[in-house]
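For reference, the structure is listed below as structure tokens.
Computed from the coordinates by the stated procedures, all read-outs in this text should not be read as laboratory data. Remember, it's a predicted structure, so these values are computed and weren't measured experimentally. All Cβ positions, even for glycine, are placed from backbone atoms using ideal geometry, and neighbour counts span all protein chains on display.
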Amino acid sequence: MTQFPNFVGGQWLSSDDAAENRNPSDKSDVIGLFAKADAETVRDAIGAARSALPEWANASPQLRHDVLLAASMEILQRRDELTQILSREEGKAPKDSFGEVTRAAHVLSFFAGEALRLNGEFATSTRPGIEAHVTREPAGVVGIITPWNFPIAIPAWKIAPALAYGNTVVFKPAGLVPHSAWMLVDILQRAGLPNGVLNLVMGSGGVVGDAILSSDAVDAISFTGSVATGRHVAASCIQGPRMKKVQLEMGGKNPLVVLDDANLETAVECAANSAFYSTGQRCTAASRLIVTEGIADRFVDRLQTRMSELTVGNALDPQTDIGPVVDESQLESNLSYLDVGREEGARVVGGELLNRETQGNFMAPALFLEATNRMRICREEIFGPVSAVIKVRDYDEALAVANDTEYGLSSGICTNNLKYARHYRRNAAAGLVFVNLPIAGVDHHLPFGGRKNSSYGPREQGAYAREFYTTVKTAYIGDME
Ligand code: UN1
């Protein structure tokens, strides 16, 4: 069976302790054995990143540009292979995996350019004769902790700005999806990174994650995952021996509002796409469909038809729209939420377990009807192909319900009325707002992030990423003899 070692200080390090990874579309298919780093290996990785920092922080931005661009081009050249690797380990349908791999390549080429654009300011001092400069320097050694639902895009959009702005990296991918992460590290390394600039440490949060969080040699942590883990990450960053800069991307309970005047086909397509594509395993997924009374019956009717047209199946089959749930415990959690919803008085359509040729975690998309925003199913993130329809009287109630949540990542409205569209854009309490569009699936070059319990710290992606991956220096230069 193929063995995948960790990567520390420019060396591939195998380990006797390795985790087997399986394909969620076919549990008899073992993808490989992935080395588990112990605390000492993580310390070595952090040490390597520390030693490599001065040289990389002072390297020519042209070198950083060239490495990122070469990696981007290799990803594009090997796009079909990487798409297959991603679908096989995560269960994402091939169309979505192809898009994600493409996005990773685009992120790398965007930050290749950004490496050359990190300019400072020459400022006016209030004191005559004094020169003032505001410049940006690398944040330092960055710990990057990524989730399983975007196995290559999220690592790319954290690692690319880290490297572009001169940081060195200790990278812990999610245990369920180490293969795409491993490929990305291998591609970046061969694109010309000096040893120690990028280190890969695979394994559990309890061992690898905590070794990174408790280190006094790590300057900053970028994390995407659950709110509960996010709180632990933030607390460790503040209470640990060395305070670390921290950026968290967490959950969502994202609303899509559908008003009476919406185009029905557009609204149904936006809902089906945002709620069920990628098996609903996106922090931007639409899990609350807030629909005004005049269109509600037609919308529900048409959405149910659309759901029955979606092909749920093996993630390696190009016909598949929706792949399996990522693993058994997530599947159990999704199913238990269906029971929670029933007990709370909602009606469930769909959500059946499905048998396919191979043994996988296949589940039909599920929709709660007669839901209210007070129910747990409308307050807690389920993270599966499950959404709920909440009927409301009018636009004002729709907006109030949309914002009545602990989260604030993505928020959308389907309407042809410019007055409501503009009002919603201004008043949705979210970091991302969409009008007549799916509310998941964002551009790679624009800022990404949310409010409330969805995000903490500076935005990710696009030029805004520099806020987290650099630290500002203000210099005052007086007269010389
Ligand atoms: C998207 O919808 O395009 O974990 C991005 C997540 C998010 C990324 C979503 N951080 O689902």
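Numerical summary
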read-out	value
Loop sites in region 79-129: trypsin sites (Lys or Arg not before Pro), DSSP, at most 12 other Cβ within 10 Å	Arg117
Stokes-Einstein diffusion coefficient of region 262-356, Kirkwood radius over Cα pairs, 4 °C, 1.567 mPa s, in µm²/s	89 µm²/s
Pairwise FRET efficiency - Asp479 versus Arg379, Cβ, R0 = 51 Å, nearest 0.05	0.25
Global geometry of region 254-435, whether rounded, prolate or oblate, following the gyration tensor of its Cα atoms and the 1.5 cut on a/c	prolate
Val442 versus Ser14: modelled label distance in nm, points set 7 Å from Cα along the beta carbon direction	4.1 nm
Sequence of Val258, Val392 once ranked by neighbouring C-beta atoms within 10 Å, starting from the fewest	Val392, Val258
Within the chain, percent of DSSP bridges classed antiparallel, to nearest 5	45 percent
Taking Cys237, Cys270 and counting other C-beta atoms within 10 Å, the order from fewest to most	Cys237, Cys270
Angle between the chain longest axis and helix 264-276 axis [Cα atoms, degrees, rounded to 10]	60 degrees
Estimated FRET transfer efficiency when R0 is 56 angstrom, pair Arg78-Asn403 (beta carbons, to 0.05)	0.85
Long pairs among Lys452/Lys473; Lys158/Lys253; Lys27/Lys172; Lys253/Lys452; Lys92/Lys245; Lys36/Lys172, criterion Cα-Cα beyond 21 Å	Lys452/Lys473; Lys158/Lys253; Lys27/Lys172; Lys92/Lys245
Label-point separation, Val30 to Ala228 (7 Å along Cα→Cβ), nm	3.0 nm
Length released on extending from Arg190 to Thr124, taking residue separation times 0.36 nm less the Cα-Cα span	19.4 nm
For the chain, radius of gyration divided by Kirkwood radius, i.e. Rg to Rh on alpha-carbons	1.00
Per-residue ³J(HN,Hα) for region 22-32, Karplus 6.51 cos²θ - 1.76 cosθ + 1.60, θ = phi - 60°, Hz, x for Gly and Pro	10, 7, x, 7, 7, 6, 7, 8, 8, 7, x
Sites Asp396 and Arg347 - FRET efficiency at Förster radius 30 Å, r taken between beta-carbons, to 0.05	0.70
Residue-by-residue Karplus 3J(HN,Hα) for region 329-334, coefficients 6.51, -1.76, 1.60, Hz, glycine and proline x	6, 5, 4, 4, 5, 4
Cut-off 19 Å (backbone N to label point 7 Å along Cα→Cβ of Arg426), residues of region 377-411	395-403, 411
Helix 227-239 axis, angle to the chain major axis (alpha carbon atoms, nearest 10°)	20 degrees
Difference of contour (0.36 nm per residue) and Cα-Cα distance, Gln359 to Asn416	16.1 nm
Formal net charge of residues neighbouring Phe150 (Cβ-Cβ distance under 14 Å; K, R +1; D, E -1)	-2
Residues Val185, Val433, sorted so that the one with the fewest Cβ neighbours within 10 Å comes first	Val433, Val185
